[in-house]
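One structure is given here, and the rest of the page talks about it.
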Amino acid sequence: MADPDGREGPRDECGVFGIYGPGHEVSRLAYFALFALQHRGQESAGIAAADTGGYIITQRALGLVSQVFKEHDLQALGGDLAIGHVRYSTTGSNEWENSQPVHRSAGSGGNRRELALAHNGNLINAVEMHAKLRAQGVTFSSTSDSEIIAAALASHPAETIEDAVADVIPQLRGAFSTVVMTNDKVVAFRDPAGVRPMALGKFGDAWCVASESCAFLTIGAEYVRDVAPGEMVVLDADGLTSRQIGDPAAREAFCVFEYIYFARPDSQMGGGSLQVARERMGAVLAREAPAPGADLVIAVPDSGNPAARGYSRASGIPQGEGFVKNRYIARTFIQPGQELRKHGLRLKFNPLPEVVDGKSLVVVDDSIVRGNTTRQIVQMLRDAGAREVHMRSSAPPIKNPCHYGVDMSTREEMVAHNRTVDEIAAHLGCDSLAYLSLTGVYEAVGAADPGRHCDACFSGNYPLQGTTEANGKFALETSLPLAQSAAR
Ligand code: SF4
């Protein structure tokens with residue numbers, strides 16, 4: 001998904017990591033794992049670490065992983081166990097208070113529980129959970145639903161964190177791939193539907209968990225398996241233990257957009273590499289939506305690359321590099337302003353006239369949300385001399401917002417909302433437009449049972465009971481100030 005102005009398309013959600021590894025440099029490992037997960041969130045980063053039996057030290061700040069942590073920070077964190085988080089705000093605004101890991105403590109004396117928590121997903125019953133906890137006297141310092149989970153666990157009367165998790169999970173609704181640490185163990189769990197990913201890995205004699213297996217590749221850990229929906233894994237001095245908490249008969253709803261766009265192509269999901277699945281999406285797209293007479297296939301870099309390759313191979317139309325990418329682009333906190341926007345700020349890439357001039361192009365992108373960027377791309381290519389521009393999307397039309405942890409824009413902002421494909425093509429200014437079908441997506445990812453996935457942003461079928469337009473982040477953000485002021 002291209003975002004030259006930094007604000008287009010669905011925002012990546014969050015990435016989490018956890019490791020129990022006395023004798024290893026756990027904070028440094030967490031740093032590099034977060035570095036590998038940076039694509040899942042660029043607004044804030046944080047690591048919490050502890051020596052066994054000691055206090056949990058948490059460092060978190062707005063910014064990229066490389067901006068938040070310096071060498072001396074990692075040395076100061078140290079620790080035998082650590083968790084980490086990169087964030088894009090889905091619930092709660094982009095403020096320091098909403099960065100993670102969330103650090104909570106409750107109780108006193110022998111009943112005191114201190115924990116740090118990192119969460120990827122979105123609770124759809126956050127408002128109810130928030131009200132219930134406030135009624136019990138629990139206070140909050142952020143507008144993040146992750147603090148609700150942390151508060152529920154920290155204040156829970158159960159003797160062990162595992163028992164607290166086992167009791168709290170059935171009370172939560174929505175998507176929550178979560179890591180929690182106390183001063184002697186890391187506990188990781190996924191919601192019963194398994195909406196967001198989480199993988200289990202081994203680093204020497206140490207166990208670790210991460211949102212995606214690409215984090216393991218980066219630190220030299222081995223990918224063992226996915227954490228199952230509704231499963232709780234405990235990493236501590238006893239090694240690895242696992243407990244099924246959620247109803248094993250619950251409907252699974254793994255996010256199909258992880259395959260299409262969010263996850264890194266070198267991550268393993270559903271038993272295969274995403275790079276291969278994305279190439280297959282391009283091949284199926286070429287079959288479903290050929291472009292006879294086209295001269296060249298080009299990708300919208302980088303996320304369109306694998307599907308463009310698949311399209312080119314399957315169609316026999318050669319592939320070329322139509323764009324030059326700025327390799328050093330990172331999300332900027334400086335907004336371009338009206339003047340630069342008007343002139344079409346090209347932060348991310350520029351077209352190559354030598355390649356596209358006079359050509360009929362098939363332009364492959366992974367998805368189109370609001371369409372502003374795609375319009376710019378079409379215009380840039382025409383300005384560079386392209387004779388025809390045939391847009392192809394390796395995702396179906398996105399027509400519905402996500403309530404499970406991905407900021408997708410509102411329905412009204414989506415270019416496919418209330419428009420036919422021809423109307424969208426006219427709006428984008430391209431000669432033709434076609435989308436991969438949902439059936440084609442499932443064929444490409446080799447999903448034996450599409451009913452075990454979520455595809456609500458395409459189909460409108462929200463798989464989790466209790467999902468409504470009113471729940472999720474918007475309701476929480478608007479109700480929190482009221483709840484807080486009422487309590488003062
Ligand atoms: S609505 Fe879309 S982005 Fe959200 S979980 Fe479902 S498939 Fe994924």
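The table that follows gives values for the structure above.
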quantity: Residue satisfying condition, being modelled with pLDDT of 95 or more, closer than 24 Å to residue 456 by Cβ and β-branched (Val, Ile, Thr), within set 297, 284; calculated: 284
quantity: Test: residue in segment 201-215 that is within 16 Å of the ligand (Cβ to nearest atom) and over 19 Å from residue 103 (Cα atoms); calculated: yes
quantity: When residues of segment 370-414 are limited to those that are within 16 Å of the ligand (Cβ to nearest atom) and among the β-branched types (Val, Ile, Thr), the one nearest to residue 283 (Cα to Cα); calculated: 398
quantity: Residue 59, sole failed condition from (1) part of a strand (DSSP E or B); (2) more than 16 Å from residue 16 (Cα to Cα); calculated: (2)
quantity: Test: residue 307 is modelled with pLDDT of 95 or more, among the small types (Gly, Ala, Ser), under 22 Å from the mean Cα position of the chain (by Cα) and surrounded by 21 or more Cβ atoms within 10 Å (Cβ to Cβ); calculated: yes
quantity: Count - residues of segment 230-263 that are farther than 30 Å from residue 182 by Cβ and buried (at least 17 other Cβ atoms within 10 Å of the Cβ); calculated: 5
quantity: Residues located in segment 219-263, provided they are under 19 Å from the mean Cα position of the chain (by Cα), closer than 23 Å to residue 204 by Cβ and in a loop (DSSP other than H, G, I, E, B); calculated: 227
quantity: Segments classed as helices (runs of 4 or more DSSP H), wholly inside segment 62-171, with at least 3 members that are surrounded by 16 or more Cβ atoms within 10 Å (Cβ to Cβ); calculated: 126-135, 145-154, 161-168
quantity: Helices (runs of 4 or more DSSP H) lying entirely in segment 319-388 (those with 1 or more residues that are in contact with a strand residue (DSSP E or B) (Cβ under 8 Å, 6 or more places away or on another chain) and at pLDDT below 95); calculated: 372-383
quantity: In segment 399-431, the residues that are closer than 25 Å to residue 177 by Cα and among the hydroxyl-bearing types (Ser, Thr, Tyr); calculated: 404, 409, 410
quantity: Flag if residue 102 is in contact with a Ser or Thr (Cβ under 9 Å, 6 or more places away or on another chain) and under 23 Å from residue 165 (Cα atoms); calculated: yes
quantity: In segment 246-263, residue nearest to residue 392 (Cα to Cα) [restricted to those that are within 16 Å of the ligand (Cβ to nearest atom), of a type outside the set (Phe, Trp, Tyr) and touching a helix residue (DSSP H, G or I) at 6+ places or on another chain (Cβ under 9 Å)]; calculated: 260
quantity: Test result for residue 126, in contact (Cβ under 8 Å) with a residue 12 or more places away in the chain and over 29 Å from residue 23 (Cβ atoms); calculated: yes
quantity: For residue 459: the one exception among (1) within 12 Å of the ligand (Cβ to nearest atom); (2) crowded, with 18+ Cβ neighbours inside 10 Å; calculated: (2)
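Condition check ((1) among the acidic types (Asp, Glu); (2) more than 22 Å from the chain's Cα centre (by Cα); (3) part of a loop (DSSP other than H, G, I, E, B); (4) within 14 Å of the ligand (Cβ to nearest atom)) across all residues:
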residue: 423; (1), (2), (3), (4): yes, yes, no, no
residue: 426; (1), (2), (3), (4): no, yes, no, no
residue: 443; (1), (2), (3), (4): yes, yes, no, no
residue: 451; (1), (2), (3), (4): no, no, no, yes
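The values are calculated or read from the model by the stated rules, or taken from the named source; none is laboratory data. Here the structure is a predicted model, which means the values were calculated and not measured. Here Cβ is always computed from backbone atoms with ideal geometry, including for glycine, and neighbour counts include all displayed protein chains.
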